[in-house]
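Structure record follows, encoded as structure tokens.
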Amino acid sequence: MVTITELPTRPRDVRPRRRIGMRQRLGRWDVKVSPYLYISPFFVLFAITGLFPLLYTAVVSLHKWNLLTGEGPFVGLKNYVDVLHQPFFWKALRNTFSIFALSTIPQIIIALVIAAVLNANLRARTFWRMGVLVPYVVAPVAVAMIFGQIFSDQSGMMNAILSKVGISPVGWHSNVLASHLAIANMVNYRWTGYNTLVILAAMQAIPNLIFVIITSTIGGLQIFDEPTMFDQQNSATTAGGADGQFVTVTMYLYQLGWGSQNNLGRSAAVAWLLFLVILAISLVNYWFTNRIASDSGAVRRARKVRS
Amino acid sequence: MSAPSIPSIEQFAGRGAARAAARRQNHRGSGAERRPRWLTYTILTIVLLIAIYPLYYAFLIASSTKEDVARHPIPSLVPGSHLFENMLSVINSDIGFWSALVNSIIVSTVTAVSVVLFSTLAGYSFAKLRFRGRGPLLVFVIATTAIPTQLGVVPLFLVMKQLHLIGKLPAVILPALVTAFGVFWMTQYLEGALPYELIEAARVDGASMFRTFWSIALPAARPAATMLGLFAFVANWTNYFWPLVVLGAVPGRTTLPVALKMLQAHYYADYSQVMAGVFVSVLPLLVMFILAGRQLVSGIMQGAVKG
């Protein structure tokens, strides 16, 4: 590249030469700075809308902070003590983990099976793959409204089918475990097909994609849309069932901050607690996948030596 | 798994074994050893029916009346005749349907275009340009996909308040302008899809760094970029939590998912109206999916194969 720009020389004329020099310097600056310039939008945006808010959550959680009146005095760990003394918080944590387990485990197993089936030498391959992806374009909110009706306690289709085969109706909205099953069903409906295709892609080439799937699955601990919509009678600021039987941590966080209490300090404390939980699980997962990766790497090395 | 190469098999086990191994390898490339039998297609058909039925159920309920729903919890497979009536009453209800639709279109379109542009820029830089810190910075980008940024909601809300953006669309658009997944995805794709020779040729011809990106990298990135754009569109069209927090459940200034929750809370006794709302909100994405789904699916696989 550099040699090309040195080619056109006009010995007698001085001014054009200086201009070439300028352009050369500009060009070198262009080569040096452009890579950083191109990746900067992500880093700037992540710093402002991702990293800073997450870290500043810790600061807000140590203050009395009202949605309407703003920042109050420093209160130390009071918000955490308050939150941890609320039975509602523990209920929300229990619900979150229960829904998470009921949705993640069957979903990954089913996705692996469908991915294996789709990996066969199929006729009309694209058609089947598209069919699997259909639920992904339906918003979680819409999915929850449809399944909320199917799992309605009185006039729902699921209970009608159950009574036809002689099973007494289930309180899908009132019973704790039943409501978790119904909500997990919504999550599974929307995400199984998507994860099937991603697993299929990962099987065929990209190993890093496995990391992305697992982290997005752990992100499922922030579930909000489905349980909020599953409560058909209440607005988002009070949703979660009459007795909080399917309120989740993120719903609790929202209701503390933007519900009648307007307590952003406590809301931030809940957010930070959930963040620590997710961080801990992610680290365990990272350690675990790393071990698996290095183990299979060792196997591969051993095989190579043998052959 | 590292299988022994065909020439080495020929050397150690004879020509017949090598031919058999080659045949096996060719088959593995296109999927399974032979065409799958009816069991595979039965499983896939069941999966497809499960994927489609809830949407059809919403359509069935949306085309009937409140009384039909109460009388027949299991709807007949033939739709009723009240679809347009129900859709009209959703459109004319007090949830601000048209403005919610327009807002959703604006948010999804702007973010999709911006995600594609910024992710391709960053992906091009990571995949094809050499600069100091490239490796660690890329690892950082992938690691950020594990960070639950939704939990920074309280400070992010405060940032938007400082910027006087509460209740305004830029507050929804700003955090979604570029994603870590997008950067990772375009890096993977461009690594394989864009030959260095093309970039060098453009540089030798005197194109600036940005000109090279614009006329060489961007066109080469088109298949993966189309897919990324569609995914970003869907993600923002279906997003509920952040628009709810920053726009609020206020008719006229929200997006469709938030408006749907208002519809549900106002009309929870009339399921056919609620389902009409669901149907109207799902329809645009469903049409888009039927038109572009082939690209969406092949995009996932293509990105995988090239990566």
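Scanning segment A:137-175 for residues that are closer than 21 Å to B:Leu296 by Cα and surrounded by fewer than 24 Cβ atoms within 10 Å (Cβ to Cβ) yields one hit, A:Pro140. Residue by residue through segment A:229-247, note down the ones that are crowded, with 19+ Cβ neighbours inside 10 Å and at the interface with chain B (Cβ under 7 Å from one of its Cβ atoms). Correct list: A:Met229, A:Gln232, A:Ala236.
Could you pull out the residue among B:Arg294, B:Arg222, B:Arg203 that is surrounded by fewer than 21 Cβ atoms within 10 Å (Cβ to Cβ), facing chain A (nearest Cβ under 7 Å), more than 14 Å from the chain's Cα centre (by Cα) and closer than 30 Å to B:Phe126 by Cα?
Details: B:Arg294 fails: more than 14 Å from the chain's Cα centre (by Cα); B:Arg222 fails: facing chain A (nearest Cβ under 7 Å).
The unique qualifying residue is B:Arg203.
Selection of segment A:58-86 for residues being among the hydroxyl-bearing types (Ser, Thr, Tyr) and touching a Ser or Thr at 6+ places or on another chain (Cβ under 9 Å) yields A:Ser61, A:Tyr80. Only a single item in (1) in contact with a Leu (Cβ under 9 Å, 6 or more places away or on another chain); (2) more than 7 Å from every other protein chain (Cβ to nearest Cβ); (3) surrounded by fewer than 22 Cβ atoms within 10 Å (Cβ to Cβ) is not met by A:Ala178, and it is number (1). Among the residues of segment B:185-240, just one is charged (D, E, K, R) and assigned to a loop (DSSP other than H, G, I, E, B), namely B:Asp205. Among residues of segment A:70-92 that are surrounded by fewer than 14 Cβ atoms within 10 Å (Cβ to Cβ), none has a Cβ under 7 angstrom from a residue that is part of a loop (DSSP other than H, G, I, E, B) and modelled with pLDDT under 95 at a sequence gap of 6+ or on a separate chain.
Being in contact with a Ser or Thr (Cβ under 9 Å, 6 or more places away or on another chain) and either more than 26 Å from B:Pro243 (Cβ to Cβ) or within 8 Å of chain B (Cβ to nearest Cβ) (or both) is the filter here; which residues of segment A:144-175 pass it?
Filtering segment A:144-175 for residues in contact with a Ser or Thr (Cβ under 9 Å, 6 or more places away or on another chain) gives A:144, A:149, A:151, A:153, A:158-159, A:162, A:169, A:171-173.
Matches in segment A:144-175: A:Gln149, A:Asp153, A:Met158, A:Asn159, A:Leu162, A:Pro169, A:Gly171, A:Trp172.
Residue-wise test of (1) hydrophobic (A, V, I, L, M, F, W, C); (2) more than 8 Å from chain B (Cβ to nearest Cβ).
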site: A:Ser34; (1), (2): no, no
site: A:Leu45; (1), (2): yes, no
site: A:Asn66; (1), (2): no, yes
site: A:Glu71; (1), (2): no, yes
site: A:Ala92; (1), (2): yes, yes
site: A:Ser98; (1), (2): no, yes
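Scanning segment B:117-140 for residues that are among the hydrophobic types (A, V, I, L, M, F, W, C) and touching a Ser or Thr at 6+ places or on another chain (Cβ under 8 Å), which turns out farthest from the other protein chains (Cβ to nearest Cβ)?
Only one residue fits best here, namely B:Ala127.
Could you tell me how many of the residues in segment A:51-62 are surrounded by 18 or more Cβ atoms within 10 Å (Cβ to Cβ) and either aromatic (Phe, Trp, Tyr) or outside any helix (DSSP H, G or I) (or both)? Before the answer, list the steps.
Pass one, segment A:51-62, residues surrounded by 18 or more Cβ atoms within 10 Å (Cβ to Cβ): A:53-54, A:57, A:60-62.
Then drop every residue that is not either aromatic (Phe, Trp, Tyr) or outside any helix (DSSP H, G or I) (or both), which leaves A:62.
So the answer is 1.
Determine which member of the set B:Leu48, B:Leu60 is surrounded by 15 or more Cβ atoms within 10 Å (Cβ to Cβ) and either facing chain A (nearest Cβ under 9 Å) or of a type in the set (Phe, Trp, Tyr) (or both). Spell out the reasoning first.
Working: B:Leu60 fails: either facing chain A (nearest Cβ under 9 Å) or of a type in the set (Phe, Trp, Tyr) (or both).
Exactly one residue qualifies, and that residue is B:Leu48.
The values are calculated or read from the model by the stated rules, or taken from the named source; none is laboratory data. Since this is a predicted model, take the numbers as computed values, not measurements. Cβ coordinates were reconstructed from backbone atoms using ideal geometry, including for glycine residues, and neighbour counts include every protein chain displayed.
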